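First up is the structure itself, then whatever we jot down about it.
The values are calculated or read from the model by the stated rules, or taken from the named source; none is laboratory data. Here the structure is a predicted model, which means the values were calculated and not measured. Here the Cβ is made from the backbone with ideal geometry for all residues, glycine too, and neighbour counts use every protein chain on show. Only protein heavy atoms, including side chains, enter the accessible area calculation; ligands, DNA and RNA are left aside. Shrake-Rupley method; radii C 1.70, N 1.55, O 1.52, S 1.80 Å.
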Amino acid sequence: MTTTVATVSEGTESPYALSHLDALESEAVHIFREVAGEFERPVILFSGGKDSIVMLHLALKAFRPAAVPFSLLHVDTGHNFPEVLDYRDRTVARHGLRLHVASVQDYIDRGVLKERPDGTRNPLQTLPLTEKIQAEKFDAVFGGGRRDEEKARAKERVFSLRDEFSQWDPRRQRPELWNLYNGRHAPGEHVRVFPLSNWTELDVWQYIAREGIELPEIYYAHEREVFSRGGMWLTAGEWGGPKDGETVEKRLVRYRTVGDMSCTGAVDSDADTIEKVIVEIAASRLTERGATRADDKMSEAAMEDRKREGYF
């Protein structure tokens, strides 16, 4: 008996081959379903930023037509962009999701945390985040971190174990051969899960374009009053800017990433459509965090130090 093996001739593509974006989507959907099967109380970190928006879109796809079996969690610094918070609330209402909010302002009002001299609250998110995880007994927490964002994030596995104090020890990371994920953890520990680990910023934007995903308008070019500090265009606000000698001017800008207003810079851009954004990102030689996040410039190991303490 002769066995015939079907082959694809050179220069042609198999009709069963997945495109690059399809392969990334399939991997992320698998991760969401794996977590749903392994854990009791997973939660998705959702800020209204583009990566968390894509992550929620993938979760909706993973379980459609059923509801997403996870709630959402946002650490609100009190200095978030109003446009992003509006988007967050509209999204939660549209999909009938439950949103947990950990408020940095509450911790400051109670005297547990103190304002920093530079006004930024991004480094203050760790305690509200870790205490909310412990209080709600979340055992898996989805984050939108990608390996191309920053060196410390490039060291993370897809499943990243945190101890009972929510601290990260890179030496305790488990191998993930053949996409096998180990979710075992002791009482009090939890696992951070990164479905977008193998995505790049360009992948995210191309996927947003393909899927027709709505984003907050600040991701596209618009006129905004900004001032220069530390080589970045920051938005004026109650957080402490501008200072004496810092001049506010109106410029055509957009945001590549969104976070605390005090440390997230805009970039000069006329990219007012998704097609123009993709062209701009493809030509960029700076990561989005490296170009526009002041909190990552505090030291060479700023992100890794915060991740060890429990930050994402």
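What tally of residues in the range 98-124 results from selecting those that are acidic (Asp, Glu) and more than 26 Å from residue 138 (Cα to Cα)?
Residues in the range 98-124 being acidic (Asp, Glu) and more than 26 Å from residue 138 (Cα to Cα): 2 in total.
Out of the residues in the range 41-77 that are of a type in the set (Val, Ile, Thr) and assigned to a loop (DSSP other than H, G, I, E, B), state the one that is surrounded by the fewest Cβ atoms within 10 Å (Cβ to Cβ). Before the answer, list the steps.
Step one: of the range 41-77, the residues of a type in the set (Val, Ile, Thr) are 43-44, 53-54, 68, 75, 77.
Filter again for assigned to a loop (DSSP other than H, G, I, E, B), leaving 68, 77.
Working: 68: 21, 77: 25.
If we take residues in the range 41-77 being of a type in the set (Val, Ile, Thr) and assigned to a loop (DSSP other than H, G, I, E, B), then 68 is surrounded by the fewest Cβ atoms within 10 Å (Cβ to Cβ).
Results for (1) within 23 Å of residue 30 (Cα to Cα); (2) within 14 Å of the chain's Cα centre (by Cα); (3) of a type in the set (Gly, Ala, Ser), shown as yes or no for each residue.
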{"residue": "124", "(1), (2), (3)": "no, no, no"}
{"residue": "129", "(1), (2), (3)": "no, no, no"}
{"residue": "146", "(1), (2), (3)": "yes, yes, no"}
{"residue": "165", "(1), (2), (3)": "no, no, no"}
{"residue": "169", "(1), (2), (3)": "no, no, no"}
{"residue": "179", "(1), (2), (3)": "yes, no, no"}
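Would you be able to tell me the number of residues in the range 219-247 that are more than 28 Å from residue 51 (Cα to Cα) and surrounded by 15 or more Cβ atoms within 10 Å (Cβ to Cβ)? Step through it out loud before you land on a result.
Taking the range 219-247 and keeping what is more than 28 Å from residue 51 (Cα to Cα), we get 242-247.
With surrounded by 15 or more Cβ atoms within 10 Å (Cβ to Cβ) added as a condition, the list becomes 242.
So the answer is 1.
Name the single residue, out of those in the range 84-136 being acidic (Asp, Glu) and in contact (Cβ under 8 Å) with a residue 60 or more places away in the chain, that is farthest from residue 192 (Cα to Cα). Even if it seems obvious, please write down each step before you answer.
Pass one, the range 84-136, residues acidic (Asp, Glu): 86, 89, 106, 109, 115, 118, 131, 136.
Pick out the ones that are also in contact (Cβ under 8 Å) with a residue 60 or more places away in the chain and you get 86, 118, 136.
Details: 86: 26, 118: 29, 136: 15 Å.
Out of the qualifying residues, it is 118.
For residue 210, work out the one condition from (1) modelled with pLDDT of 95 or more; (2) open to solvent by less than 70 Å² (accessible area, probe 1.4 Å) it doesn't fulfil.
Among (1) modelled with pLDDT of 95 or more; (2) open to solvent by less than 70 Å² (accessible area, probe 1.4 Å), the lone unmet condition for residue 210 is (2).
Mind listing whichever residues of the range 226-255 are modelled with pLDDT under 90 and touching a helix residue (DSSP H, G or I) at 6+ places or on another chain (Cβ under 7 Å)?
230, 232
Mind checking which residues of the range 161-192 are hydrophobic (A, V, I, L, M, F, W, C) and farther than 19 Å from residue 127 by Cα? Spell out the reasoning first.
Filtering the range 161-192 down to residues hydrophobic (A, V, I, L, M, F, W, C) leaves 161, 165, 168, 177-178, 180, 186, 191.
If the condition is that a residue be hydrophobic (A, V, I, L, M, F, W, C) and farther than 19 Å from residue 127 by Cα, then 177, 178, 180, 186 are the ones that fit.
(1) hydrophobic (A, V, I, L, M, F, W, C); (2) touching a Phe, Trp or Tyr at 6+ places or on another chain (Cβ under 9 Å); (3) within 19 Å of residue 35 (Cβ to Cβ): which one isn't true of residue 178, the others all being true?
Single failed check for residue 178: (2).
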